[in-house]
1. Of 197, 180, which residue is surrounded by fewer than 20 Cβ atoms within 10 Å (Cβ to Cβ), over 19 Å from residue 114 (Cβ atoms) and without any contact (Cβ under 8 Å) to a residue 12 or more places away in the chain?
2. Can you say whether residue 161 is farther than 14 Å from residue 38 by Cβ, in a helix (DSSP H, G or I) and either at pLDDT 80 or above or out of contact with any strand residue (DSSP E or B) (no Cβ under 7 Å at 6 or more places or on another chain) (or both), as far as the supplied structure shows?
3. Just to confirm my filter: which helices (runs of 4 or more DSSP H) fall fully inside segment 14-98 and include at least 3 residues that are modelled with pLDDT under 75?
4. Checking residue 102 against (1) under 15 Å from residue 30 (Cβ atoms); (2) surrounded by 15 or more Cβ atoms within 10 Å (Cβ to Cβ); (3) modelled with pLDDT under 70, which single condition isn't satisfied?
């Protein structure tokens, strides 16, 4: 059972979504350090989701439609901001000297991007509800629930850290630098797509 939960976490991370493209964007633009910081931010956001799911708050969130919609819209607006920033980014990349204040600030911003992108994603709550409904029973102890949750956090974090190193490699970055503007525009467009899809679902879901 523990292996199955770990594999589910890996598959959840590999599946293209806002988290995937935020890690890609930050790793390509600012290097592996910021990419890893973004991955750690995502992992910390998962801790929040795991905590309220294990403690039963996911049911409360599901029942409180107003709270759910507020989180949904906040997440969409944040993705809009990230996507617009990628589309309007300058064609020249920023460079930072290791250890400088500017680099530390960018690293913190990478962590913030990962954390907010995931914690404001209402689908994360539904994901953990679906996973736990498959692997947990009323008799499952709280300790085992936390173990399952930690497994998913570790699996997702490992995948995104690996992704950061892959897209920050010299060969990949050399290719990226030749087509940087188009990469940034593509990643920005994808983030805008996710944001607009959330808003579209929110608006028309409530009207229908």
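The values are calculated or read from the model by the stated rules, or taken from the named source; none is laboratory data. Bear in mind that the values here come from a model prediction, so they are computed numbers and not experimental data. Reconstructed Cβ throughout: ideal geometry from the backbone, glycine too, with neighbour counts over all protein chains shown.
1. Numbers: 180 fails: without any contact (Cβ under 8 Å) to a residue 12 or more places away in the chain.
Just a single option satisfies the conditions, and that option is 197.
2. no
3. Fully inside segment 14-98 and qualifying: 57-63, 65-87.
4. So residue 102 meets the others, but not (2).
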